[in-house]
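Please treat every number below as a calculation from the coordinates, not as lab data. Since the model is a prediction, treat every value here as computed from it, not as a measurement. No Cβ is skipped: glycine too gets one built from the backbone with ideal geometry, and neighbour counts run over all protein chains shown.
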Amino acid sequence: MNITPSPAFVGIALEEPVLVFAIAMIVFLVGPLLVKRLGQPGIVGIVIFGAVVGPGALEIVELTDAIELLGQVGLIYLLFTVGLELDIRGFAAAPQDAALFGLTSFFVPFFVGTFATHTVLGLELEAALLLSAVFASHTLLAYPIVNRLGVTKNRAVTAVFGGILFTDTIALVVLAIVLGAADGDLTVWMISEVGLALVVLFASAWFVLPPAARWFFQNFSEESYFEFLFVMVAIFVTASLAEVLALEPILGAFVAGIAVNRLIPEGGTLMNRIEFVGNAFFVPFFLFYVGMLVDPGVILDGPATLVTAAVIVGVMIVSKYAAAWVVSVVQGFTPNERGVIFGLSIGQAAAALAITLVGYEEGLFGDTVLNAVVLMLLVTAIASPWMTERAATRLALEREVEAGAADERDPNILLPLSHSAELQQRLLELAFVIKGDRGSEPVTVMRVIQPDQGSSAERQVAAAQADLEELAAEGSAAEVPIETETRVNHNVASGIVQGAVEVQANQIVMGWDATESFRHRIFGSIIDQVLERTTLPVLISRLGHPINTTRRLHVVVPIGADHHEGFYEAVHLVKRIANATGAELRVVVVEGTTHQFEQLFDLVEEDVTAEFEAVDRWDRLLPTLESRAEEDDLVVAISPRRGDVGWHRELEDLPRELVSLPPESFLTVHPRQGEPEYDRQYLRIE
């Protein structure tokens, strides 16, 4: 890269791999800690330290092929996580938001920038078009900030994420057009090639990745690191396909993230591993690489570079803010949402430099423009995270004030397990899905030991505790607090209910293997006794496949259940599972009208759209489910306890009948009793 170097103050230029890696790790640790003490976002520290130790300043570390490789890998990984965190439901419900933002955020800076660089800087039209395309697109440098603050599902942030599809695609089209015009080879076929490549990329990712991932997760979920390795393969194979198609690999990674978005729920072990590896290693290397690309010495190159950089940065900031303002006015975004989309949209990184280098090599740009773009990288690497952190922090606080600190946001779940409980890890994943990624309340994993005259209670307790600790260790990767409890009680149900009271649980999740006797009406002795002795909501589950591979939720709602005092909490729980897994929600109303329940579902928090149908008799329920349900579906029945409002005798036989359905996966939700005031907190407050 022919950037005028500044005088090196140290000039060591280390290339030894181990030492360079050690310096990078020190930068990843020390940089954010120091910068945070100054009130700035931690990622700025990595960029600044990268610039300081890089070839443009102290020249302590050489910009080797290895660092460039890790930097590019980090950028690809970053764009994958953006696609993975995209609110698919929000995007699908309002794709016009992403389209409006993407088109406005690109074309306002593009047209203003073309005019300014052509008239003020005197660039040829082709060069002005390409340079404007560089800063009209954007890289989500500040994504780790919005992810850390938990606002990635916000409607404005979703629009920015989805807008990348438009800004990056248009930038690639402009690049192809300008290069074709410069070489005299501009044809309709050249433009058509870009469109065809995009179709092939999207079709390959959308029709190959989801079924392949679903099959893999269902058959190899016993070793979770295999799941992570599968995700890594998916990322870089799709990115490589994009490169083969002459597209940017970051676009392929972003599409891969969207393709597997619904198969990797928030709060799960796999999602946590993906975020941890990205935040601790890949993304910091990308930021370090961006810092090393910056040459502070361009400030000493004379007024030409500074004037060019000032025009580029000034036009970009003013036009990006104008675009953010227009979008906010049209969509009704709040000032804090406007600030977030503005901060995110001004981020520029290696992708911008890559397009600039192409123009430089084609002779469209000179050293002055190239150095000015590098200076723009430094300015935006500091400004984008700083502006995003300020606005996103206020946005997060605004959301917390609106949502309050209600218990439903952070359930304390009790998960009783028997020694023979089937697929315990899947039950734990279900608990993680219910909790999501919010709050600090624990999941308490419990085993109740019945004293056995043939062996000592101490030995039984020790063995049970060892099993629970092993299970908790496997689940701790999800960063959900897990506590273990072992109790000795002649009556297992009493031990579970007493434990729920002592750990202050507000939900109980239990597994059923469908082999227990039915001498106590529905599930067998223990589960039925728990239902009789507690008023807490109880979920009885039989999971024939991992919860994250669920395609559709078929929710059975009996007439009269809407009058139960725990109905809204049960609906909220169902909608949370659907939202976390990305599954379609289909509601079957038994002996009732769909219109009535459509209105009631809309009243409950969690924005999830649902389809409704009604069956007029119980004997038509099972045939309806058999015709609708498939292997990857989950049937959920809202089932009031015997004698409660909304209870029907047919509910007693329903679990046994659901076992025979193709999904082999179902939940029965037994709503909370005796706390109508508690139930109302799940309703939307206009």
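Checking the table Lys36/Lys320; Lys36/Lys435; Lys153/Lys575 against a 25 Å threshold on Cα-Cα, which pairs fail?
Lys36/Lys320; Lys36/Lys435
Please give the net charge around Ile23, taking every other residue with its beta carbon less than 15 angstrom from that of Ile23, where Lys and Arg add +1 and Asp and Glu add -1.
Once all neighbours under 15 Å are counted, the net charge is -4.
Before rounding to the nearest 500, sum -39500 (n - 2.57) across all DSSP H runs of length at least 4 in the chain and divide by the residue total; then give [θ] at 222 nm in deg cm²/dmol.
-19500 deg cm²/dmol
What fraction, in whole percent, of alpha-carbon pairs in the chain exceed 35 Å separation?
Percent of Cα pairs beyond 35 Å in the chain: 48.
Rounded to the nearest 5, what % of the DSSP beta bridges within the chain are antiparallel ones?
15 percent
Near the amide H of Leu585, under 5 Å away, which other amide H atoms are found, from residues 5 or more places off or on another chain, if H is placed in the peptide plane?
Leu553, Glu611
Output the antiparallel fraction of DSSP beta bridges having both residues in the range 544-686, as a percent to the nearest 5.
Details: 1 of 22 bridges.
If I count the DSSP bridges inside the range 544-686, around 5 percent turn out antiparallel.
Give me the net charge of His118's neighbourhood, meaning all other residues with Cβ under 15 Å from the Cβ of His118; Lys, Arg count +1, Asp, Glu -1.
-2
Can you tell me the orientation of helix 125-136 relative to the chain, as the angle in degrees between its alpha-carbon axis and the longest Cα principal axis, to the nearest 10?
Its long axis makes an angle of about 30 degrees.
By how many degrees, 0 to 90 and rounded to 10, does the Cα axis of helix 188-219 deviate from the longest principal axis of the chain?
That helix lies at roughly 30 degrees to the long axis.
Could you work out the relative contact order of the chain? I mean the mean sequence separation of Cα pairs under 8 Å and 6+ apart, divided by the number of residues, in percent.
14 percent
Does the range 17-403 classify as rounded, prolate or oblate by the C-alpha gyration tensor (a ≥ b ≥ c root eigenvalues; a/c under 1.5 gives rounded; else a/b over b/c gives prolate, otherwise oblate)?
Numbers: a/c = 1.31, a/b = 1.19, b/c = 1.10.
In terms of gyration-tensor shape, rounded.
Pull out a ≥ b ≥ c, the square roots of the eigenvalues of the alpha-carbon gyration tensor of the range 544-686, then state rounded if a/c is under 1.5, prolate if not and a/b is larger than b/c, and oblate in the remaining case.
Here the range 544-686 falls in the oblate category.
Taking the Cα centre as origin and putting +1 on Lys and Arg beta-carbons and -1 on Asp and Glu beta-carbons, what dipole magnitude results for the range 544-686, to the nearest 20 debye?
200 debye
Note the full-extension length gain between Ile26 and Asp602 as 0.36 nm times their separation in residues minus their Cα-Cα distance, in nm to one decimal.
Values: separation 576, 0.36 × 576 = 207.36 nm, distance 5.07 nm.
Length gained, Ile26 through Asp602: 202.3 nm.
Can you give the local net charge around Leu75? Use residues other than it whose beta-carbon is closer than 14 angstrom to its beta-carbon, Lys and Arg +1, Asp and Glu -1.
-4
Using only Cα atoms, tell me the angle between helix 457-475 and the longest principal axis of the chain; keep it within 0 to 90° and round to the nearest 10.
So the inclination is approximately 30 degrees.
Given an 8 Å cut-off on Cα distances and at least 6 residues of separation, report the relative contact order of the range 544-686 as a percent.
35 percent
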